[in-house]
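The values are calculated or read from the model by the stated rules, or taken from the named source; none is laboratory data. These figures come from a predicted structure and were not determined experimentally. Heads up, the Cβs are rebuilt from the backbone with ideal geometry, glycines too, and the neighbour counts pull from every protein chain shown. Ligands, DNA and RNA are excluded from the accessible area calculation, which covers all protein heavy atoms including side chains. Shrake-Rupley method; radii C 1.70, N 1.55, O 1.52, S 1.80 Å.
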Amino acid sequence: MSQNETPRHRTNFLEAFIEWLIYTSRWLMAPVYLGLIAALGILIITFFRELYLQAPQVLTMDETDIILLVLTLVDLSLAGNLVLIILFSGYENFVSKIETAHRDKDRPEWMGTLDFSGLKIKLIASIVAISGIHLLKIFMNLSNYTEQQLLWYTIIHLTFIVSGLCVAGMDWLEEKAHEAHARYAEKD
């Protein structure tokens, strides 16, 4: 140990290095968001594959099949929106601000304003919507499912709804607790 280097100096250096390492570790998530771009590409390919395979048959399809096709396309669209919300919000909340988006006048209004709490609510709402559309597709095609399968699909959908209500309730309680804490702090 040199004369200029004290044990406290080494501790400060070690602490600063650990904090720097923790802070920069957020970039480990960047490849995950790149993977979500690939997942979005897969959804787009699947969307257009469905459209390509089904469109020639539209004139001969019955009403139920057309509704099922539209519900499938809506389902894929909602899944793509969900991926985009997670991609943008996750990257901006946990990795880095997207500077290109901040200069673009066509930027989505919610971008950069959706915190983790808002992200959870949008995520669960999207999952409930996707599950609801899937359940509607199943009900439009009842003959292909057993009574037990229908029961399980309904239970799973209701579980998503209850989970969403619980997440929203927890966020509401947390917000009220913060408000109460702020009022209490003002009194002191």
Can you compute the FRET efficiency between Thr46 and Ile22 using 1/(1 + (r/R0)^6), with r the Cβ-Cβ distance and R0 = 45 Å? Round to the nearest 0.05.
0.75
Can you tell me what percent of all Cα-Cα pairs in segment 93-188 are more than 19 Å apart?
63 percent
Could you pull the accessible area for Thr100 with a 1.4 Å probe, rounded to 10 Å²?
100 Å²
Using +1 on the beta carbon of Lys and Arg, -1 on that of Asp and Glu, and nothing else charged, what's the dipole of segment 14-117 about the Cα centre, debye to 20?
340 debye
What is the angle, in °, between the Cα long axis of helix 7-24 and the longest principal axis of the Cα atoms in the chain? Nearest 10 is fine, range 0 to 90.
20 degrees
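Suppose every K and R has +1 on its Cβ and every D and E has -1 on its Cβ; what is the size of the dipole of the chain about the Cα centre, in Debye to the nearest 20?
So the dipole magnitude of the chain works out to roughly 400 debye.
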Once both labels are modelled 7 Å past Cα along the beta-carbon direction, what's the Ile121-Met61 spacing in nm?
3.5 nm
Using the Karplus curve 6.51 cos²θ - 1.76 cosθ + 1.60 with θ = phi - 60°, work out ³J(HN,Hα) for each residue of segment 144-150 in order, rounded to whole Hz, and write x for Gly and Pro.
8, 10, 7, 4, 5, 4, 4
Please turn the phi angles of segment 77-85 into ³J(HN,Hα) values with the Karplus equation 6.51 cos²θ - 1.76 cosθ + 1.60 (θ = phi - 60°), one per residue in order, whole Hz, x for glycine and proline.
5, 4, 5, x, 4, 4, 4, 4, 4
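Strictly greater than 27 Å: what percent of every Cα pair in the chain meets that? Let's see the in-between values first.
Working: 9571 of 17578 pairs.
Distances greater than 27 Å cover 54 percent of the Cα pairs.
How many percent of all Cα-Cα pairs in segment 48-108 sit more than 13 Å apart?
72 percent
Work out, step by step, the length gained on full extension between Asp106 and Gln148: first 0.36 nm times the residue separation, then minus their alpha carbon distance; give nm to one decimal.
Values: separation 42, 0.36 × 42 = 15.12 nm, distance 4.76 nm.
My answer for the length gained is 10.4 nm.
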What is the sum of charges around Gly169, taking Lys and Arg as +1, Asp and Glu as -1, for the other residues whose C-beta is under 14 Å from the C-beta of Gly169?
-1
